[in-house]
Amino acid sequence: MGRIVLDKVTKTFGNVEVIPPLDLTIEDGEFCVFVGPSGCGKSTLLRLIAGLEDVTSGRVLIDDTDATEIPPAKRGLAMVFQSYALYPHMTVRKNIAFPLRMAGLDQAEIDRRVEEAAKVLNLTDYLDRRPGQLSGGQRQRVAIGRAIVREPKAFLFDEPLSNLDAALRVGMRLEISELHNRLGTTMIYVTHDQVEAMTMADKIVVLRAGNIEQVGSPLELYERPRNLFVAGFIGSPTMNFITGPEAEKRGAATLGIRPEHIRVGEGLPWSGIVGVAEHLGSDTFLHVHDTGLAETITVRVPGDVEFKHGDRVVFGPDEAKIHLFDANGLRKP
Amino acid sequence: MATRHSRSAARLMMAPAVILLLGWMLVPLTMTLWFSFRKYLPLRGGDLGWVGFENYVRFVKSASFWPSVQATMTLVVGVLVITVVVGILLALLLDQPMWGQGVVRILVIAPFFVMPTVSALVWKNLMLDPINGFFGHLARSLGLQPVDWLSQASMPSIIMIVSWEWLPFATLILLTAFQSLDSEQLEAAEMDGAGPVARFFYIMVPHLARAITVVILIQTIFLLSIFAEIFVTTGGAFGTKTLTYLIYQRVLESQNVGLGSAGGVYAIILANIVAIFLMRIVGKNLDA
Ligand SMILES: Nc1ncnc2c1ncn2[C@@H]1O[C@H](COP(=O)(O)OP(=O)(O)O)[C@@H](O)[C@H]1O
Ligand SMILES: [Mg+2]
């Protein structure tokens, strides 16, 4: 089990309110990702759930029992820190065994669980090394190993991949997703990277300045962003925002269109001059200027096309994929 | 310092310092070795020529020799244990966020700036004196018989004085070590179910190992040559005659430079034995 409910939780540091009253339910077995720009309170929220910070007001419920006053060790949650927080003077084996030793398990059981975790995480050959002798990805796996041996109700990850290089990040992303599929345990995962959020989550919670902007599945967020912030945050390259006559024509203050929902071809309504053309092979991203719509419009063209700097391009939106927002930045139905 | 040219330039630049330090060490060392093989009594005939190892034999055969080695060891070990243990506790305390932290830290460091002679005098007259001292007053106010610390518990008194002088150093080094401890490690341990005591022994103490090594090594070097505190308080009486003090007595009170020098050579050997011993047990902490 691992159902976590935040009930009007707030957190203030001194007189700065980092988390305004916030309600959220994370279902058992769910992979929930908190995503938002740096400093928006993601870590704070995670630490409130873990019990490493005390809530200023409100309640944290774990499996329908009030855990607000329960100390971190007794909440049955395991956390993987951004810095990994491995114990540098202990071997990998001792690191992974530490929570079990603290729980007072007998040695045979400890050995069994450590060996098992090591096998799952491909760490068997490294059990007698110290963290200092491991690569970043291996350290990350030790930190995960230390979390899984406890068989917790839920895992909490705080930007676990941000210290890894890009290739390793993609690999670890898959490993964590697979781990979730196999264990079926609730996972709460904090990141500022919307790609991680989109690829891993069952449910994404978009945060801004401690406020929940939107909760939903990756596709819901992509297809029906509730406001301009979510629309701009989810999706890569980011959505184009157009104000002025084009938006007014459709009865909105702002018109949003994703780069992948713009087509290129003669006879379409918009045109401009190509500034930079990014050739990725599978796609080409055109950054178009002088369109009279916005500073730059990003257009994603499938495949490799022969556009270069200074070329004139004619393009237009896929009308069905247009997002409309009112003057307050909220989505128009 | 990649090129050959810059390396030789570096050598040239370092030369004055190296030569100065070498001279500083070698001249007294050579003189000590030289005198230790001669019969040299400044007030009773001056330099009376070579005597081979006679000074060495006499120094060891003297009834004061082994007790002085013992006294030295007691002093060094006693002070090390007190400064490290109390230093860890004080550092732990000072690392907590509290009101007036800056001022408290400066106060804790203050004893380090007091000269040994002065602090020994202060302790002798203001704290330990059975009639005027603070401890004497304290004992009387509790209805107890005041203790004449310096004669009845002379070695513990000196250990107390020297510990007081060295505690700031130990505390300071250990405090910086505490401050370099990653707070996420403590939080991880907390989530792993380690209580405050377990966190202290499993996370903090291992983290401090290197700092403790540094404290022990540096303090040992200075503690082996403690002199002023003994001179001012007991004058070497009541079992407080350390090797350093014995050498002083041989050279200045008995006016026997040869014998004292032989003692000096023993002191050097002792210091090296201690150093090797320490390096063996704690030195591995410095590698990692
Ligand atoms: N212990 C603290 N004391 C004061 N302010 C803090 C503390 N921890 C975090 N904050 C503030 O709370 C805000 C949110 O921080 P954090 O949760 O770490 O953001 P994120 O993880 O989303 O980048 C930041 O503005 C930060 O300065
Ligand atoms: Mg953070």
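The values are calculated or read from the model by the stated rules, or taken from the named source; none is laboratory data. Remember, predicted model here, so these are calculated numbers, not experimental data. All Cβ positions, even for glycine, are placed from backbone atoms using ideal geometry, and neighbour counts span all protein chains on display. Heavy atoms of the whole protein, side chains included, go into the accessibility calculation; ligands, DNA and RNA do not. Shrake-Rupley method; radii C 1.70, N 1.55, O 1.52, S 1.80 Å.
Observations on the structure shown:
- Taken together, the criteria place residue B:33 among residues that are modelled with pLDDT of 85 or more and either open to solvent by 60 Å² or more (accessible area, probe 1.4 Å) or of a type in the set (Asp, Glu) (or both).
- Qualifying residue in the range B:79-92 (condition: farther than 29 Å from residue B:278 by Cα and open to solvent by 30 Å² or more (accessible area, probe 1.4 Å)): no
- Members of the range A:219-231 that are part of a helix (DSSP H, G or I) and open to solvent by 20 Å² or more (accessible area, probe 1.4 Å): A:219, A:220, A:222, A:223, A:228, A:229
- Considering A:260, A:246, A:266, the condition of being touching a residue at least 40 places away in the same chain (Cβ under 8 Å), part of a loop (DSSP other than H, G, I, E, B), more than 25 Å from residue A:28 (Cα to Cα) and more than 16 Å from ligand 1 (Cβ to nearest atom) is satisfied by A:266 alone.
- Qualifying strands (runs of 3 or more DSSP E) (wholly inside the range A:1-96; at least 1 residues being within 13 Å of ligand 1 (Cβ to nearest atom), in the same structural domain as residue A:158 (by TED's automatic domain parsing) and open to solvent by 30 Å² or more (accessible area, probe 1.4 Å)): A:4-13, A:16-26
- Helices (runs of 4 or more DSSP H) within the range B:144-194 that include 2 or more residues within 14 Å of chain A (Cβ to nearest Cβ) and open to solvent by 40 Å² or more (accessible area, probe 1.4 Å): B:183-191
- Qualifying residue in the range B:109-117 (condition: in contact (Cβ under 8 Å) with a residue 60 or more places away in the chain, crowded, with 17+ Cβ neighbours inside 10 Å and in contact with a Leu (Cβ under 9 Å, 6 or more places away or on another chain)): no
- Filtering the range A:197-211 to residues that are open to solvent by 70 Å² or more (accessible area, probe 1.4 Å) and within 16 Å of ligand 2 (Cβ to nearest atom) leaves only A:208.
- A count restricted to the range A:40-63 and to residues that are more than 14 Å from every other protein chain (Cβ to nearest Cβ) and polar (S, T, N, Q) stands at 2.
- Qualifying residue in the range A:27-50 (condition: touching a residue at least 12 places away in the same chain (Cβ under 8 Å), away from ligand 2 (no atom under 16 Å from the Cβ) and over 23 Å from residue A:177 (Cβ atoms)): no
- Cβ-Cβ contacts under 6 Å between residues 6 or more apart (or on different chains), taken from a first residue in the range A:155-175 that is over 13 Å from residue A:138 (Cβ atoms) to a second residue that is of a type outside the set (A, V, I, L, M) and away from ligand 2 (no atom under 16 Å from the Cβ), are listed as A:161/A:169.
- Here the condition is being touching a residue at least 24 places away in the same chain (Cβ under 8 Å), within 14 Å of chain B (Cβ to nearest Cβ) and over 17 Å from residue A:81 (Cα atoms); of A:195, A:114, it holds for A:114 alone.
- Selection status of residue A:204, closer than 27 Å to residue A:63 by Cβ, of a type outside the set (D, E, K, R) and within 16 Å of ligand 1 (Cβ to nearest atom): yes
- Verdict on residue A:133 being within 16 Å of ligand 2 (Cβ to nearest atom), at pLDDT 90 or above and open to solvent by 20 Å² or more (accessible area, probe 1.4 Å): no
- Considering residues of the range A:159-185 that are within 14 Å of ligand 2 (Cβ to nearest atom) and either away from chain B (no Cβ under 14 Å) or open to solvent by less than 10 Å² (accessible area, probe 1.4 Å) (or both) only, the residue farthest from residue A:101 (Cα to Cα): A:161
- Test: residue in the range A:314-321 that is basic (Lys, Arg), over 22 Å from residue A:226 (Cα atoms) and open to solvent by 50 Å² or more (accessible area, probe 1.4 Å): no
- Here residue A:78 meets each of (1) within 16 Å of ligand 2 (Cβ to nearest atom); (2) in contact with a Phe, Trp or Tyr (Cβ under 9 Å, 6 or more places away or on another chain); (3) facing chain B (nearest Cβ under 9 Å) with one exception, condition (1).
- Candidate set from the range A:142-183 (those that are within 16 Å of ligand 1 (Cβ to nearest atom), assigned to a strand (DSSP E or B) and of a type outside the set (Phe, Trp, Tyr)); member that is nearest to residue A:64 (Cα to Cα): A:156
- Scanning the range A:98-111 for residues that are open to solvent by 10 Å² or more (accessible area, probe 1.4 Å) and either within 27 Å of residue A:167 (Cβ to Cβ) or in a helix (DSSP H, G or I) (or both), we see that the one that is nearest to the other protein chains (Cβ to nearest Cβ) is A:102.
- Enumeration of residues in the range B:229-256 that are surrounded by 23 or more Cβ atoms within 10 Å (Cβ to Cβ) and under 12 Å from residue B:42 (Cβ atoms): B:256
- As for the range B:11-26, it holds no residue that is out of contact with any His (no Cβ under 9 Å at 6 or more places or on another chain), small (Gly, Ala, Ser) and in contact (Cβ under 8 Å) with a residue 60 or more places away in the chain.
- Condition check for residue B:56 on (1) farther than 30 Å from residue B:207 by Cβ; (2) within 25 Å of the chain's Cα centre (by Cα); (3) of a type in the set (Phe, Trp, Tyr): one failure, at (2).
- Residue within the range A:186-195 that is surrounded by fewer than 16 Cβ atoms within 10 Å (Cβ to Cβ) and modelled with pLDDT under 95 present: yes
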